[in-house]
Amino acid sequence: MLYSKSFINTSREDPKVAECKSHKLLLKANFLYMVSSGIYSYLPLGWRVLNKINKVIKKQMVLAGAQELLMSAIQPIDIWKKTGRDKDLEEVMFKFKDRKSRELCLGPTHEEEITEIVKRYATSYKQLPFILYQIQTKFRDEPRPRFGLMRSSEFIMKDAYSFSLTQQCLEDNYQKMYKTYEKIFDKFRLNYFISEADPGAMGGSASHEFMVPAEIGEDILYFCPGCNNYYKEKGRCASCQGETEAKKMVEVGHIFQLGTKYSMAQEAFVLDQQGKRKPLIMGCYGIGVSRVLSAVAETASDSRGLVWPKSIAPFDASLLVLESGWNQEALELESWLEKEGFSLLIDDRKEPAGVKFNDAYLIGHPYIMIIGKNYRGSAKIEVEKRETGQKFEIAKDKIVDFLKDEHNTESN
C-alpha cells in the first residue's frame, strides 16, 4: 500500500475531545473518526486492526468446534418480555416502533434471540451439544459514554452460546471456552487476569471476567506486588500474606454458566433419551472486540505513539523511502513480501524524513524499514523494531528470512 494513495490522515496535534491515551492515539493516528459522543467510524487503519482481531477470534472459535452465524440487529420487544429483561435493561435499550406499530429494539445483547432460534430447530438430545457464535455490532444507550471505545453507545462484540442437555456438559463447554479465551488474549499480548464475577442481569451460576490493568478501568481488583496475584476483595495475599493494593481494570471478556434461565422462560426444550422434555442448559461467552482494540492501544503504546503486536497490526511494517528514485525498488520489495504473507505501508510521500518517522512511530507497525542514502551503496535496508528500538541493517534478499524468524520467535 502506497501512503500517497491511502486514506490515512494523521494529525500533528492531540485531539481536544480525547479522554484518555488510547482515545487520543486512535484519533490522532487516524484509526477512528468520532461521529458523535459514543459513536465512531472505523477508518481504514482501524478496520484492518478489527479484521485481524476477528481473524484471531474466529480461528480459535473454530478450533473449539463453534459455528458462526449472524443474528439481526433489530429485535422484537416481545422476546425480551419473556425473560423480563426488557425491564432489567430498560435504561440502556434503544426502543422504537415501526410503521406497523410493532415494538422493536436495537439488540444490546442476543441471549433471547439465540434461544428463539435454537428452540425452533433443536428438538432432540441427539443434536446436542453445540456452540454458536457471532461477531456483531451491539447498541446501548449509555448515559455517559467515556474513554472512546471503552464505553460507547455502539460497539462490536463476539458473543457465543453453548447448548447442552446436562450440567456436566455445560461445565465441559465452559472450560473449553475458558481455555479458548486464554489463547485468544495471549495472541493479543494483553496482560490479562481472570477473576470470578457476579453474573448480574445475565443470570446463571458461575461467571468469570477477563480483565486488563489500565488507569481508565472502571472495575477494581486487589494486586499483590510480591506474588503477582489478583483478588476480588481486599485482604492480605493468600500466598505470601503481603498487603494488596487496588488496581483499576478493564473488562475485555466475560463468560457465564447461564443454566436454564432463558430456556425455561422461553420454553426451549428437547427430548432426552427417555423421551422426556428437558430445558436446554446454556452458557454465554463474550469478548468486546472493539474494546480489545482500545485496550491494546491503551496498554501497548509509548510517548511516540502506538505499538501494535504483530498479530493485529494494520501492516507488518512501515517502509520509509527517504531518497528519491527508490519507489520502484520499494514496490518490488512489497510484491516479494506479499507473496510470503507480509504487508507493507510504503511511505512514498514528498515529505521531510522527520514527518515520515513521526507518522511511522505514531501508527505503530511492528517494524520500521528504511530505504535511504545507505541503500545506494550497500543494498541494505535499515530496520527498527518499534517495540524495543533495536536497529538492524539487513540485505534486501534476507528481509523475508528476518521477518519469518521474528514471527517464529514470537509464536514460540
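Packing, taken as the mean count of other beta carbons within 10 Å per residue, orders the peptides 371-383, 304-316 from highest to lowest as 304-316, 371-383. Pairs of Cα atoms nearer than 8 Å and 6+ residues apart set the relative contact order; for the chain it is 16 percent. Rounded to the nearest 500, the helix-only mean residue ellipticity at 222 nm of the chain stands at -9500 deg cm²/dmol, with each DSSP H run of n ≥ 4 adding -39,500 (n - 2.57). I need the shape label for the range 29-91. Rule: rounded when a/c is under 1.5, else prolate if a/b > b/c, else oblate, with a, b, c from the alpha carbon gyration tensor. It comes out oblate by the Cα gyration axes. Can you work out the FRET efficiency for the pair residue 402 and residue 10, with r the C-beta to C-beta distance and R0 = 41 Å, to the nearest 0.05? My answer for the efficiency is 0.90. Computed from phi, the 3J(HN,Hα) profile of the range 276-285 under the Karplus parametrisation 6.51, -1.76, 1.60 (θ = phi - 60°) reads 8, 6, 10, x, 4, 9, 10, x, 9, 9 Hz, with x in place of Gly and Pro. The Rg/Rh ratio of the chain, with Rg taken over Cα atoms and Rh as the Kirkwood radius over Cα pairs, comes to 1.03.
For the range 217-249, the residues whose backbone nitrogen is under 19 Å from a point 7 Å from the Cα of residue 146, taken along Cα to Cβ, are 217-222, 246-249. Each part gets one Cα centre, and for the range 302-361 versus the range 91-135 those centres are 44 Å apart. Label-to-label distance, residue 267 versus residue 393, with points set 7 angstrom from Cα along the beta-carbon direction: 7.9 nm. Amide H contacts for residue 326 (H built 1.01 Å from N in the peptide plane; partners 5 or more residues away or on another chain; cut-off under 5 Å): none found. Checked against a 25 Å cut-off, the cross-linked pairs 87/183; 138/232; 16/356; 55/261; 95/247 give Cα-Cα distances beyond that limit for 87/183; 138/232; 55/261; 95/247. For residue 179 and residue 335, a Förster radius of 35 Å and the Cβ-Cβ distance give a FRET efficiency of 0.30, rounded to the nearest 0.05.
Its convex hull of Cα atoms gives the range 1-116 a direction-averaged projected area, equal to a quarter of the hull surface, of 11.5 nm². Antiparallel beta bridges, as assigned by DSSP with both residues in the chain, represent about 85 percent of the total such bridges. Phi-derived couplings, Karplus 6.51 cos²θ - 1.76 cosθ + 1.60 at θ = phi - 60°, listed residue by residue for the range 332-341: 5, 5, 4, 4, 5, 5, 4, 5, 9, x Hz, with x used for Gly and Pro. Angle of helix 167-187 to the longest C-alpha principal axis of the chain, folded into 0 to 90 degrees and rounded to 10: 10°. Computed extension length for residue 351-residue 166: 60.2 nm, one decimal, from 0.36 nm per residue of separation with the Cα-Cα distance subtracted.
Protection proxy ranking of 217-228, 385-396, by the mean of other Cβ atoms within 10 Å over each peptide's residues and highest first, is 217-228, 385-396. For the range 315-411, with equal point scatterers placed on the C-alpha atoms only and solvent neglected, what are the log10 I(q)/I(0) values from the Debye formula at q = 0.22 1/Å, to two decimals? Here log10 of I(q) over I(0) equals -1.23.
Rule-based calculations on the coordinates, nothing more; no lab input. Everything numeric here is computed off the predicted structure, so don't read it as measured data. Methodologically, a virtual Cβ is constructed for each residue, glycine included, from the backbone with ideal geometry; neighbour enumeration extends over all protein chains shown.
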